[in-house]
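What follows is calculated from the coordinates using simple rules that are stated; it is not laboratory data. Please read all numbers here as calculations on a predicted model, not as lab measurements. Don't worry about glycine lacking a Cβ; one is built from the backbone with ideal geometry, like all the others, and counts go over all protein chains shown.
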Amino acid sequence: MSPLPAPRTFRVKSFGCQMNVYDGERMAELLAAQGMEAGSEDADLVVLNTCHIREKAAEKVYSDIGRLRRDDGSSPLIAVAGCVAQAEGEEIMARAPSVRVVVGPQAYHRLPELVAEAAQGARASDTEMPADAKFAALPQRTRVGPTAFLTVQEGCDKFCTYCVVPYTRGAEISRPFAALLDEARALVERGAREITLLGQNVNAWAGEDARGRAVGLAGLIRALAELPDLLRIRYTTSHPTDMDADLIAAHADTPKLMPFLHLPVQSGSDRILKAMHRSHSAESYLRLLERVRAARPDIALSGDFIVGFPGEAEADFRLTLELVESVGYAQAYSFKFSSRPGTPAAEMPGQIATAVTDARLQRLQAAINRGQLAFNAASVGQRCMVLVERRGKHPGQWLGKSPWLQSVHFTGDASIGDPVEVELATAGPNSMSGRLLHLATA
Ligand code: SAM
Ligand code: SF4
């Protein structure tokens with residue numbers, strides 16, 4: 001390929017989960033540390049940080065590559081990162097000649113090197129999966145803002161039959177305790193007041209604390225709660241099997257840990273859960289939620305659901321609807337089953353017709369929306385701390401999150417990063433309005 005001038009500006013576009021948002025920020029920090037400037041639409045280097053979890057998400061990368069072509073027929077230097085790069089690196093290189101760099105989610109610390117090779121005319125690729133070399137090679141955090149993500153765990157050993165994560169992100173690894181405390185301190189020094197700990201199975205995190213004692217996620221959360229200027233801690237996504245007694249106890253004994261739990265169940269039918277190779281039943285999941293509620297009665301619950309998994313009968317789907325009604329989720333995500341090449345579910349008999357899956361998704365989403373509205377309506381009148389994240393659309397309006405992760409807008413005298421006390425005044429399905437009482441004390 002012909003050489004290009006070394007890129008001076010860059011743009012990182014992330015798709016998919018919060019872990020990709022985190023990775024996108026780290027790539028931006030890495031490029032900035034090389035002297036490149038964050039640029040606009042017409043940046044010299046565009047990094048597409050992709051998602052492979054569902055077919056639609058994976059296909060998006062090809063349409064995005066096409067859209068990057070400029071009017072004069074040229075393209076910026078295009079790098080494809082993330083899980084599509086990991087799963088389909090060679091195919092991308094073959095299908096999209098304008099892509100010059102392919103880099104997997106465990107190798108993006110090498111992005112500057114690969115970009116330099118590509119600028120000299122090579123097509124550069126790295127989809128190796130070393131355990132956790134990436135994090136040690138990344139520069140200090142430089143991002144600012146009141147809320148921040150911090151990846152503590154990556155990968156998955158659970159091999160649910162529908163899921164690509166164990167193949168694209170590799171085996172489960174936990175980042176070391178000391179490195180996480182250092183990164184959290186750096187984020188707090190730069191203005192973070194809330195940190196969300198991330199992992200594909202974040203509650204599988206395990207490590208050794210400063211005294212060499214074995215600790216789980218609860219131990220890490222309690223240590224982070226000691227940082228004086230950090231006001232709030234959240235974590236996502238959890239797996240029911242890794243929800244241990246200590247983490248449940250942390251919801252009772254650590255006030256900075258917010259009363260919110262995203263705990264995917266996927267289906268309300270044990271027959272389908274077995275075919276999905278989930279290690280829990282509907283009943284054991286519900287019992288687990290009871291224990292969490294006993295520890296933190298006001299906890300807001302969230303979940304993930306897949307509809308139209310191979311073999312899902314109407315009766316199985318009804319069990320999912322019943323589970324949704326009985327839990328009373330504050331919010332939840334629902335997805336149509338997407339057949340992913342190489343996963344066992346893609347080869348299972350009983351694939352469900354699209355029209356049936358579409359209709360079930362609509363029914364499930366209607367049930368989830370009803371629950372969400374009911375949860376928000378029940379919060380009206382509550383006084384709580386809202387952490388101000390940004391300005392709203394109207395003059396003097398601010399947006400932030402309640403402890404239960406509801407989006408709250410209010411007007412009044414405040415600034416980004418302020419913890420303010422608000423009375424929740426009106427409820428919609430996706431947001432609430434609040435009445436500003438005063439600046440909250442941490
Ligand atoms: N590890 C978490 C767990 O299993 O409890 C979930 C993390 S996964 C990356 C995020 C969500 O994507 C899953 O909970 C599932 O609902 C959805 N998902 C994964 N593979 C899918 C597929 N092939 N089709 C549809 N949804 C899928
Ligand atoms: Fe995917 Fe979650 Fe199952 Fe792991 S536990 S395979 S990330 S759905």
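For the range 279-417, what is the relative contact order in percent, using Cα pairs closer than 8 Å and at least 6 residues apart in sequence? The partial results should precede the final answer.
Details: 160 pairs, mean separation 27.5, N = 139.
Relative contact order, the range 279-417: 20 percent.
Starting from 0.36 nm per residue, how many nanometres of slack lie between ALA122 and SER63 once their C-alpha separation is accounted for?
Stretched out fully, the ALA122 to SER63 stretch lengthens by 18.9 nm.
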Net charge near ALA359, counting Lys/Arg +1 and Asp/Glu -1 over other residues with Cβ under 14 Å of its Cβ? +1
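Got a sec? How would PHE335, PHE159 order by Cβ neighbour count within 10 Å, fewest to most?
Details: PHE335 17, PHE159 12.
Ascending number of Cβ neighbours within 10 Å: PHE159, PHE335.
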Mean projected area, convex hull of alpha-carbon positions in the range 152-221, reported to one decimal in nm², is 5.3 nm²
P(r) for the range 90-184, please, calculated from all Cα pair distances in 5 Å bins and given in %. 2, 11, 17, 18, 18, 16, 12, 5, 1
Percent of all Cα-Cα pairs per 10 Å bin for the chain, counting from 0 up to the last occupied bin, reads 4, 19, 28, 28, 17, 4, 0
Computed from the mean reciprocal separation of all distinct C-alpha pairs, what Kirkwood hydrodynamic radius does the range 108-242 have, in Å? 16.3 Å
Highest first, please rank the peptides 375-385, 78-88, 299-309 by the mean number of other Cβ atoms sitting within 10 Å of their residues. 78-88, 299-309, 375-385
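Nearest-5 percent of antiparallel DSSP beta bridges in the range 68-220? Write down the numbers at each step before the final one.
Numbers: 5 of 17 bridges.
Counting only bridges with both partners in the range 68-220, antiparallel ones make up about 30 percent.
Using the count of nearby Cβ atoms within 10 Å as a rough guide to exposure, how do MET1, MET19, MET129, MET276 rank from fewest to most? Don't skip to the answer; put the middle values down first.
On the way: MET1 11, MET19 25, MET129 18, MET276 21.
Final ranking by Cβ density, sparse to dense: MET1, MET129, MET276, MET19.
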Order by neighbour count: MET243, MET348, fewest other Cβ atoms within 10 Å first, most last. MET348, MET243
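Which of rounded, prolate or oblate describes the range 1-78 when judged by the alpha-carbon gyration tensor and an a/c cut-off of 1.5?
Details: a/c = 2.44, a/b = 1.18, b/c = 2.07.
Cα axes put the range 1-78 in the oblate bin.
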Please label the shape of the range 1-131 as rounded, prolate or oblate, based on the square roots a ≥ b ≥ c of the eigenvalues of the alpha-carbon gyration tensor (a/c under 1.5 means rounded; beyond that, a/b larger than b/c means prolate, else oblate). rounded
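Considering all alpha-carbon pairs of the range 54-108, what whole percent are spaced by more than 16 angstrom? Don't jump to the answer; show the numbers that get you there.
Values: 575 of 1485 pairs.
Taking all Cα-Cα pairs of the range 54-108, the fraction more than 16 Å apart is 39 percent.
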Scattering profile of the range 216-264 from the Debye formula, Cα beads only, expressed as log10 I(q)/I(0) at q = 0.14, 0.18, 0.19 Å⁻¹, is -0.31, -0.51, -0.57
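Which net charge results for the neighbourhood of THR343, defined as the other residues with beta-carbon distances under 12 angstrom from its beta-carbon, given Lys and Arg at +1 and Asp and Glu at -1? Don't skip to the end; give the middle numbers.
Working: positive: ARG54, ARG340; negative: GLU55, GLU347.
After counting each charged neighbour, the total is 0.
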Mean-square fluctuation check for the chain, GNM, Cα pairs under 10 Å: which of ASP229, ASP413, ASP316 is largest? ASP413
If you take the Cα Rg of the range 218-361 and divide it by 2.2 N^0.38 Å, with N the number of residues, what do you get? 1.18
Which order, highest average first, do 244-253, 62-71 follow once you tally other Cβ atoms within 10 Å for each residue and take the mean per peptide? 244-253, 62-71
Just tell me which lysines come within less than 23 Å, Cα to Cα, of LYS401; anything on the same chain fewer than 8 places away is out. LYS256, LYS393
